1. Calculated FRET efficiency, residue 47 and residue 1, Cβ-Cβ r, R0 41 Å, to nearest 0.05?
2. Expected output is a single nm value to one decimal: the length gained when fully extending between residue 100 and residue 25, i.e. 0.36 nm times separation in residues minus the C-alpha distance. What is it?
3. If you add up the charges near residue 40, with Lys and Arg at +1 and Asp and Glu at -1, over every other residue whose beta carbon is less than 14 angstrom from its beta carbon, what do you get?
4. What FRET efficiency do you get for residue 32 and residue 60 if R0 is 30 Å and r is their Cβ-Cβ distance, rounded to the nearest 0.05?
5. Which distance in nm do the two modelled labels at residue 113 and residue 75 give, with both placed 7 Å along the Cα-to-Cβ direction?
6. Among the DSSP beta bridges whose two residues both lie in the chain, what percent are antiparallel, rounded to the nearest 5?
7. At 1.4 Å probe size, with no ligands or nucleic acids counted, give the accessible surface of residue 29 in Å², nearest ten.
8. Counting Lys and Arg as +1 and Asp and Glu as -1, what is the net charge of the other residues whose Cβ lies under 15 Å from the Cβ of residue 75?
Amino acid sequence: QVQLAESGGGFVQPGESLRLSCTSSENIFNLLSMAWYRQAPGKERDLVAEINNYGTTTKASLKERFTISRDGAKRMVYLQMNNLKAEDTAVYYCNAKGPSGEYWGQGIEVTVSS
């Protein structure tokens, strides 16, 4: 069983940056992949970025502003978000795919507003 916990969210103004963190109870290298999803108010959950042992994939519209990374020793995955916009407001979820299934964090709120 894999437990995931997000942190680093909050309120920010447009143009500011924020880094989300996800702590995994399982060694990241034992997982097939990890990812960040987000769900904006009134919209469906959407994949933001994914990382595995071979590289990363980021939603095309976010590539210039969002970057996913990981620290295996700390069992953490990060999402660096730069130049935040109002439309980035959402609940962000950490996701992991492992040999035994798929796991989700509780989600963390990011609000971008003036």
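1. On the way: r = 23 Å, r/R0 = 0.56.
That pair, residue 47 with residue 1, gives E of 0.95.
2. Values: separation 75, 0.36 × 75 = 27.00 nm, distance 1.44 nm.
Net length gain for the segment: 25.6 nm.
3. Working: positive: 38, 43, 45, 59, 85; negative: 44, 46, 87, 88, 109.
In short, 0.
4. Numbers: r = 23 Å, r/R0 = 0.75.
Computed FRET efficiency for residue 32 and residue 60 comes out at 0.85.
5. Those two pseudo-labels are separated by 3.6 nm.
6. Numbers: 38 of 41 bridges.
Close to 95 percent.
7. 110 Å²
8. Working: positive: 70, 74; negative: 6, 26, 71.
Combined, the nearby Lys, Arg, Asp and Glu give -1.
The values are calculated or read from the model by the stated rules, or taken from the named source; none is laboratory data. Fair warning: this is a prediction, and the values are worked out from it, not measured in the lab. We place every Cβ from the backbone using ideal geometry, glycine too, and count neighbours over all the protein chains shown. The protein model used for the area step is the full one, side chains on, heavy atoms only, and it has no ligands, DNA or RNA in it. Shrake-Rupley method; radii C 1.70, N 1.55, O 1.52, S 1.80 Å.
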